[in-house]
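Scroll down for the structure; my scribbles are underneath it.
The values are calculated or read from the model by the stated rules, or taken from the named source; none is laboratory data. Here the structure is a predicted model, which means the values were calculated and not measured. Don't worry about glycine lacking a Cβ; one is built from the backbone with ideal geometry, like all the others, and counts go over all protein chains shown. To get the accessible areas, we keep the full protein, side chains included, count just its heavy atoms, and leave off ligands, DNA and RNA. Shrake-Rupley method; radii C 1.70, N 1.55, O 1.52, S 1.80 Å.
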Amino acid sequence: MSQAISNRSSYEAQLRKKPVVPLSPYPVRKGGLKIEEEGLLYLGRPSIVGCLLAYKWILLLLIALLFGSFFVNSIPEISFIAILFRGISVLLFLFVVGRTGIAVYSERYAITEQDLHIEKGLFFKSTTTIPLIRVTAQTIQQSLLGKLLRTGHLIIKTNSGHVVAFKGIYDPGELFDLVRAAQKIGRASCSDWV
């Protein structure tokens with residue numbers, strides 16, 4: 001029984017251990033990613049283009065409203081409708097810009113030689129860390145427009161059944177290959193321990 005208690009206390013001591021915070025191009029806030037720089041393979045955020053693709057129908061509606069407002073403006077009796085169309089267009093534009101900004105700056109992704117890190121939250125950060133050894137499958141999810149613009153989602157499945165996603169990233173195929181290569185390096189280093 002004392003062996004189990006001593007293992008538990010050493011495990012809890014490992015959990016309380018804080019890594020060194022590297023100098024980062026992004027500000028690292030309390031609760032944010034804390035990754036040692038020498039093991040860092042990838043650090044990124046969702047791309048702006050990838051986040052805008054989520055609102056492609058709203059953007060098309062915005063363009064249609066703008067064109068419609070100029071068409072209706074030529075008819076003097078219903079110029080109020082043109083002003084209404086422009087007002088709705090401005091509100092849609094502000095919504096898309098604000099939502100895209102929040103989507104880009106509320107998530108950050110990192111890949112090290114041993115782990116995947118996903119940081120979420122705009123003001124209060126929470127970080128999910130997944131050891132590369134636990135990754136069992138990964139897939140790329142892209143639309144046709146996403147393939148043309150080289151953006152998409154990297155969906156990662158673990159052996160415990162959890163699914164995480166690197167959303168709206170630029171060039172998900174390159175990141176797919178990077179995760180696969182990091183897994184091979186991690187497995188090779190684990191086999192050296194045996």
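The order of the peptides 131-139, 166-174 by mean Cβ neighbours within 10 Å, most packed first, is 166-174, 131-139. For the pair Phe93 and Glu113, what calculated FRET efficiency results from E = 1/(1 + (r/R0)^6), where r is the Cβ-Cβ distance and R0 = 41 Å, to the nearest 0.05? According to the calculation, E is roughly 0.45. Residues Ile185, Ile155, Ile88, ordered by accessible area of protein heavy atoms at a 1.4 angstrom probe radius and largest first, appear as Ile185, Ile88, Ile155.
Using 0.36 nm per residue and subtracting the Cα-Cα separation, the extra length available between Ser143 and Thr127 on full extension is 3.0 nm.
With the Cα gyration tensor of the stretch 77-194 giving a ≥ b ≥ c as the square roots of its eigenvalues, does the rule (a/c under 1.5 for rounded; else a/b larger than b/c for prolate; else oblate) give rounded, prolate or oblate? Cα axes put the stretch 77-194 in the prolate bin.
Peptides 107-118, 59-70 ranked from most to least packed, by the mean per-residue count of other Cβ atoms within 10 Å: 107-118, 59-70. The length gained by stretching the chain between Val49 and Leu178 to full extension, at 0.36 nm per residue less their Cα-Cα distance, is 44.3 nm.
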